[in-house]
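The values are calculated or read from the model by the stated rules, or taken from the named source; none is laboratory data. This is a predicted model, so every value here is computed, not measured. Here the Cβ is made from the backbone with ideal geometry for all residues, glycine too, and neighbour counts use every protein chain on show. For the accessible areas, the whole protein counts, side chains as well, though only heavy atoms, and no ligand, DNA or RNA atoms are used. Shrake-Rupley method; radii C 1.70, N 1.55, O 1.52, S 1.80 Å.
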Amino acid sequence: MTLVMIVVFCLTMVLAIPVGYGLIIAAGAAILWNASLPLSIVAQQIYDQTQSFPMLALPFFMLAGSLMLGGRLGTQLLELASSAMQRWRGGALSTTVLSSVVFGGVSGSAVANASALGSVLIPWQKRQGYPGPLCAANNATSAVIDVLIPPSIPMILYALVSGVSVADLFVAGILPGILMAVGFIGVCWAISKRRDYPVVATRVRKRDLLVLAARSLPAILLPVLIILGLRFGFATPTEVAVLSVVYSLVLSVFFYRDLTFKRYCDSMVEAGIATGVVMLVIMGSAAVGWILTFDQVPQHFAEWVGVNISNPLLIILLMNLLMLVIGMPLDLPPAILLLGPIFVPLAASIGLDPVQLGIIMVINLGIGLYTPPIGTTLFISSSIAKAPLGATTRELWPYFTVAILLLLAVSYVPALTLY
């Protein structure tokens, strides 16, 4: 059944059918091929996956991010990032990186980040003399920092399929996220210096910078409050997500005073659509996961690896290579949901901590978001910059190198995630 399912799923991808529908169609075709199993299994698995209480964290985190970034707060966060970075060479490019770190603590979605930041920052960077392909590459890669800074939607999905604590994953992603941001800022500086891009002469007074920081502090505190709430057991992930929405509403109504009924409705619709897309993928992945379990694919894969590869370091390298290849055509949420049940038992057999595996998987599949041929943030950023895809891809290599080096460090240095 698994082979039939893979063939049908690849066919749906070639036909440009949305991933969620493709997963359901592939699972249904596999069940029909077996003939001894009722097709109702697909419907049952799809329905059962929606009855998970932790799954409620997804729409609430998305709604909190939409509420906070849709008003004055989003503008002030961008002003803070640009004011802090513009004095340095390549500061306009570095603004995107720093903004991704700050916005990552609110949105938790790389695709949303690429769209929101790119539409504002890429035109501004082009007016300052930076070429469109470079701006697009910088935006496409920096957006992936979002999936490492809590709250992270992909980490929540990995926690669902692996049974790992969401709090542990959130804490483990902070240092790799910061290291990736530092590496990308270094790339921005090096490129700007080598190509002799101009430095903005105007300097921002420290007092103005402190005022911007004070106004943005409530949003910056949100990921800190989330981690503290989860780490010390004050609330479950779902309860923390609901509290994040309440926190966002209070800030918008009483602190920034910019929440209108129209913006509230727009945020609800935006969060609902985003949740619907992710939930469709989750439901389809549940049916596919049942078939993989029925065919004992995870066990057979672990046995094959154990017989043919004895060195744990080589097994980790093989897992990384497989994730890189699969992450190119497949989006991050379905890739996590499909690969998680296969790789978690394999990681346990070689003594790889599941938290470390989660961060490896998020970084690895996040790289696929800007890797051709189907890089989501790559296409979004190139479209905003009106840059040819080939030219944008050529500008990716310095960022890609930093991301791969970080991936290898996280893969083989447990202290970076298990501190």
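Some notes on this structure:
- Count of region 23-74 residues which are in a helix (DSSP H, G or I), within 20 Å of residue 238 (Cα to Cα) and of a type outside the set (Asp, Glu): 18
One line per residue, one yes/no per condition, for (1) modelled with pLDDT of 80 or more; (2) more than 19 Å from the chain's Cα centre (by Cα); (3) open to solvent by less than 40 Å² (accessible area, probe 1.4 Å):
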residue: 286; (1), (2), (3): no, yes, yes
residue: 292; (1), (2), (3): no, yes, yes
residue: 298; (1), (2), (3): no, yes, yes
residue: 302; (1), (2), (3): no, yes, yes
residue: 307; (1), (2), (3): no, yes, no
residue: 312; (1), (2), (3): yes, yes, no
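- Filtered by the rule that a residue be aliphatic (A, V, I, L, M) and at pLDDT below 80, region 40-55 gives a lone residue, 55.
- Apart from one condition, residue 320 fits all of (1) of a type outside the set (A, V, I, L, M); (2) open to solvent by 70 Å² or more (accessible area, probe 1.4 Å); (3) in a helix (DSSP H, G or I); the exception is (2).
- Subset tally (residues that are free of Cβ contacts under 8 Å to residues at least 60 places away in the same chain and farther than 26 Å from residue 369 by Cβ) for region 281-333: 16
- Subset of region 296-317 (residues that are outside any helix (DSSP H, G or I) and at negative phi): 309, 310, 311
- Residue satisfying all of: in region 340-372; among the hydroxyl-bearing types (Ser, Thr, Tyr) and within 17 Å of residue 326 (Cα to Cα); nearest to the chain's Cα centre (by Cα) among these: 370
- Qualifying residue in region 190-198 (condition: open to solvent by less than 10 Å² (accessible area, probe 1.4 Å), within 26 Å of residue 225 (Cα to Cα) and either at pLDDT 85 or above or not small (Gly, Ala, Ser) (or both)): no
- Selection count, region 1-20, where residues are touching a helix residue (DSSP H, G or I) at 6+ places or on another chain (Cβ under 7 Å) and open to solvent by 90 Å² or more (accessible area, probe 1.4 Å): 0
- Among the residues here, residue 91 does not qualify as modelled with pLDDT of 70 or more, open to solvent by less than 10 Å² (accessible area, probe 1.4 Å) and within 27 Å of residue 159 (Cβ to Cβ).
- Conditions (1) in a helix (DSSP H, G or I); (2) under 30 Å from residue 222 (Cα atoms); (3) of a type in the set (A, V, I, L, M); number of the one not met by residue 287: (2)
- Verdict on residue 169 being closer than 16 Å to residue 417 by Cα, under 20 Å from the mean Cα position of the chain (by Cα) and open to solvent by less than 20 Å² (accessible area, probe 1.4 Å): yes
- Of residues in region 21-56 being small (Gly, Ala, Ser) and surrounded by 21 or more Cβ atoms within 10 Å (Cβ to Cβ), the one farthest from residue 3 (Cα to Cα): 22
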